[in-house]
1. Mind checking the full-extension length gain between ARG3 and GLU97? Use 0.36 nm per residue of separation minus the Cα-Cα distance, one decimal, nm.
2. Order by neighbour count: PHE174, PHE140, fewest other Cβ atoms within 10 Å first, most last.
3. When Lys and Arg each count +1 and Asp and Glu each count -1, what net charge do the other residues less than 14 Å away from ALA168, Cβ to Cβ, add up to?
4. Find the Cα radius of gyration of region 125-221, compare it with 2.2 N^0.38 Å by division, and give the number to two decimals.
5. Once volume of the Cα convex hull per residue in Å³ is worked out from the coordinates, which option in (1) 191; (2) 365; (3) 213 does it equal?
6. Looking at the chain, what % of its DSSP beta bridges pair antiparallel, to the nearest 5?
7. With unit charges on the beta carbon (Lys/Arg positive, Asp/Glu negative), name the residue among TYR205, LEU56, TYR116 whose Cα is farthest towards the positive pole of the charge dipole of the chain.
8. Can you find, among ALA37, ILE21, VAL183, the residue farthest towards the positive end of the dipole of the chain? Put +1 on the C-beta of Lys and Arg, -1 on that of Asp and Glu.
Amino acid sequence: MLRTYLRPFTDEERRQIEANIESARVPLDRAETPGSAVRSVVGHALLGLAFGACALPFLQHWVTYTMGVVCTVLGTFTASGAFLGYHAYRKERAYQEDAARRTVEYWRERLDLGQYEVTEVTASEVAVVLPADDEAPMFFFSVGDGEVVCLSGDHLQDDGEDLAVPCAFSLLRFPGVEGIVEVVESGPRFAPTRVLSPDAFDDGYYPEDGEVIPARLQTLRADLKRLADAC
C-alpha cells in the first residue's frame with residue numbers, strides 16, 4: 001500500500017529546523033577575532049622569511065651582499081608572506097560567511113514551507129540488489145498494483161551486513177524539494193525474499209532514492225532493463 005499526503009510540522013520538528021538555522025548562523029554572528037588573522041599573517045610571514053633565507057645563496061651570484069641588501073631581501077619575502085597570509089585569511093572568512101548564508105537561507109525556506117510531504121509505505125515483500133562496492137544496497141518494496149518503492153539501505157540499515165528492513169515506514173520530504181529528510185519505521189522488520197547480484201544494474205535502470213517504479217519483484221531484473229531501455 002502506498003499513500004502520500006501533506007501534514008504540518010510538529011512542534012519538535014519546527015524547533016529542530018529553527019535550531020539548524022541558529023547553528024548555521026554562528027559564522028555570521030561571530031565577531032571577526034584578530035587572533036585568527038594574526039595567526040595566518042604571522043604563519044605566512046615566517047614562511048616567507050624561511051623562503052627568503054633559502055633564496056640568499058642563489059641570489060649571491062647576482063648581488064653583492066651587504067647588511068642592507070640581506071635585510072631588504074628578507075624583509076621583502078617576509079612582507080610578501082604576511083600579505084599572502086592576510087589574503088588567505090580574508091578569502092577563508094568570506095567562504096565561511098557565504099556557506100553560512102546559503103545554509104541559513106536553505107533552512108529558512110524549509111521552515112517557511114511549514115509542512116512535510118509524507119509517503120506511507122506498507123510492503124508485502126522486498127527484494128534487494130547487493131552493492132558492487134562499499135555503497136549501500138538498494139531495496140525494492142512491493143506495494144501492490146504493479147508498483148515498487150526503491151530505497152537505499154543508508155536509510156534503513158543499522159548494521160551494514162543485516163539485510164532485514166521494515167515492512168512499513170514513512171518517507172518525509174519537503175514539498176517540491178528532492179531528497180528524503182527522514183525515514184520513520186512503523187512496522188516489524190523482515191528479510192528480502194529475493195536477492196539480486198550487483199550486475200542487475202549493469203544494463204538496468206538505477207532508480208532515484210524513494211522513487212516509485214512500475215515493476216514486480218518476480219521480474220525485477222527484466223523490469224529494470226525495460227525501464228533503462230525506455231529512458
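All of the numbers you see were taken from the coordinates with simple rules; none came from a lab. Quick caveat, the model's predicted, so the values are computed rather than measured. So basically every Cβ, Gly included, is an ideal-geometry build from the backbone, and we count neighbours across all protein chains shown.
1. Once the chain is fully extended between ARG3 and GLU97, it gains 29.7 nm.
2. PHE174, PHE140
3. Spelling it out: positives minus negatives among the neighbours equals -1.
4. 1.02
5. (3)
6. Values: 33 of 36 bridges.
Beta bridges within the chain, antiparallel portion: roughly 90 percent.
7. In the chain, that residue is LEU56.
8. So the residue furthest toward the plus end is ALA37.
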